[in-house]
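Contents: one structure, followed by commentary.
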Amino acid sequence: MRGLFAILASILLAACTQQPDPATPALWHVEGPSGQQAWLFGTIHSVKRPIAWETAEVRQALAGSDTIMVEVGNLSDEKAVAATFARLAKSDGQPAISQRISAQQRPALAALLKRGGYSDGDFAQMDTWAAALTLARVGATDEDSRNGVDRAVMDEAGGKPVVELEGAERQLSLFDSLPEADQRDLLGFVVTDQQGDDDSRLADSWRKGDMAAIEKETRRGMLADPELRAVLFTSRNQDWAAKIGRAMQEGKRPFVAVGAAHMAGPEGLPAMLAAQGYKVTRVE
């Protein structure tokens, strides 16, 4: 889920000339009883170096599809995404950000604020969830988002329609609808996670297609919190699985490219589509 935050910061991106790192990310083929087909491709939204993600199996899957399904379809319209964030994030009369987390977490927050060049009162007009997403970006760069795979998949669509499973408005509204107590839990998890090396660990697991390691990541941090997990993970996967199933029933052959965490475990998209009666086979 940390990758979800990177979508919000795809601003002023430029061409990248670094030599890409090799990767064999996870890919599944979905078959229905009447010949329906789909492909599920786990992406990474933000990574330090460019990645050679388009393996032979992925190219074949893209060629066999007729629709691209992604979480957010207008990543290239950075101004629109930023405007949506600003509109939903705005809030008056909030306390200082340090007053929205536990006393034990305040030293880590102070260090994070210093790293990001923020002060304790900078978020007085911002909802807690939005402050959390902003602080989650401390230390990240535009280049990290530039190297993300979601945008690259859309660039390779070759004129095929790109369908949003969610969209920026809906995605941010999920955070905005969280009760304040859950928003503060989210902030606490962001402050705690910023002290570790989660992004590097997740990127390594993604490159290897190590879904067991990725599934473990979905059982820790904010996704170990039952309320946050229900809203930010399980219910979203249920909604997306239903949309993918409907697209297949309508005769479409979608190539579904969403964060790899959404493919993991018994609540992941492969498991949910298998539960709908589809044959789901991992091909890479």
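Would you kindly derive the ³J(HN,Hα) couplings of the stretch 127-138 from the backbone phi angles with the Karplus curve 6.51 cos²θ - 1.76 cosθ + 1.60 (θ = phi - 60°), listing them in order in whole Hz, with x for Gly and Pro?
Along the stretch 127-138, the couplings run 4, 4, 4, 5, 4, 4, 5, 5, 5, 5, 8, 4 Hz.
List the residues, sorted by chain then number, that are 5 or more residues from Val258 or on another chain and whose placed amide H is less than 5 Å from its amide H.
Under 5 Å from the amide H of Val258 lie the amide H atoms of Phe41, Thr43, each far enough along the sequence or on another chain.
Please rank Leu135, Leu62, fewest neighbouring Cβ atoms within 10 Å first, as an exposure proxy.
By the 10 Å Cβ count, ascending: Leu62, Leu135.
Using a simple spin-label model with points 7 Å from Cα along the Cα→Cβ vector, what separation in nm is obtained for Ala80 and Glu164?
0.7 nm
Relative contact order for the chain: what is it in percent, counting Cα pairs under 8 Å that are at least 6 residues apart?
Working: 465 pairs, mean separation 100.4, N = 284.
Once normalised by length, the contact order is 35 percent.
Determine, for Glu71, Glu156, Glu250, the number of other Cβ atoms within 10 Å of each Cβ, and report the residues in order from fewest to most.
Least to most surrounded, the residues fall as Glu250, Glu156, Glu71.
Compute the distribution of all C-alpha to C-alpha distances in the stretch 155-230, in bins of 10 Å from 0, and list the percent of pairs in each, rounded to whole numbers.
Answer for the stretch 155-230: a P(r) of 15, 32, 37, 14, 1 percent.
I'd like the Karplus ³J(HN,Hα) series for the stretch 241-248: coefficients 6.51, -1.76, 1.60, θ = phi - 60°, whole numbers in Hz, and an x wherever there's a Gly or Pro.
4, 5, 5, 5, x, 5, 4, 5
What fraction of the Cα pairs in the stretch 152-284, stated in percent, has a spacing above 26 angstrom?
Details: 2518 of 8778 pairs.
Of all Cα-Cα pairs in the stretch 152-284, 29 percent lie more than 26 Å apart.
Enumerate the aspartates and glutamates that Lys114 could reach by cross-link, defined here as Cα to Cα under 18 Å, with residues fewer than 8 away along the same chain left out.
Qualifying aspartates and glutamates at Cα under 18 Å: Asp122, Asp193.
Would you mind checking which residues have amide H under 5 Å from Ile51's amide H? H placed 1.01 Å from N; only 5 or more apart, or other chain.
Amide H to amide H, under 5 Å and 5 or more residues apart or across chains, Ile51 pairs with Asp21.
Using modelled backbone amide H atoms (1.01 Å from N, in-plane), which distant-in-sequence or interchain residues come within less than 5 Å of Ala124's amide H?
Residues meeting the amide H criterion: none.
What's the lysine pair count for the stretch 199-284 at a Cα cut-off below 19 Å, pairs eight or more apart or interchain?
Pairs that pass both the separation and distance tests number 4.
What does the convex hull of the Cα atoms of the stretch 61-188 come to per residue, in Å³, rounded to a whole number?
Given the Cα convex hull of the stretch 61-188, per-residue volume reads 122 Å³.
D for the chain, whole µm²/s, Stokes-Einstein with Kirkwood Rh over alpha-carbon pairs at 10 °C and 1.306 mPa s: what number?
It comes out at roughly 82 µm²/s.
Antiparallel as a % of all DSSP beta bridges within the chain, to the nearest 5? Display every interim value, and only then the final one.
On the way: 10 of 24 bridges.
Given both bridge residues lie in the chain, the antiparallel proportion sits at roughly 40 percent.
Please state the charge dipole magnitude for the chain, taken about the Cα centre, from unit charges on C-beta atoms (+1 on K and R, -1 on D and E), reported in debye and rounded to the nearest 20.
Charge dipole, the chain, about its Cα centre: 220 debye, nearest 20.
Pop out the ³J(HN,Hα) list for the stretch 91-103 in order, Karplus 6.51 cos²θ - 1.76 cosθ + 1.60 with θ = phi - 60°, rounded to Hz; leave Gly and Pro as x.
So the Karplus estimates, Gly and Pro as x, are 7, 9, x, 6, x, 3, 4, 5, 8, 9, 9, 6, 4 Hz.
Could you give the nm distance between label points at Lys216 and Ala111, where each point is 7 Å from its Cα heading toward the beta carbon?
A separation of 2.3 nm, rounded to one decimal place.
FYI, it's all coordinate maths here, none of it is from the lab. Note that the structure is a prediction, hence the values are computed from the model and not measured. Counting neighbours? That spans all protein chains shown, and the Cβs are built from the backbone with ideal geometry, glycine included.
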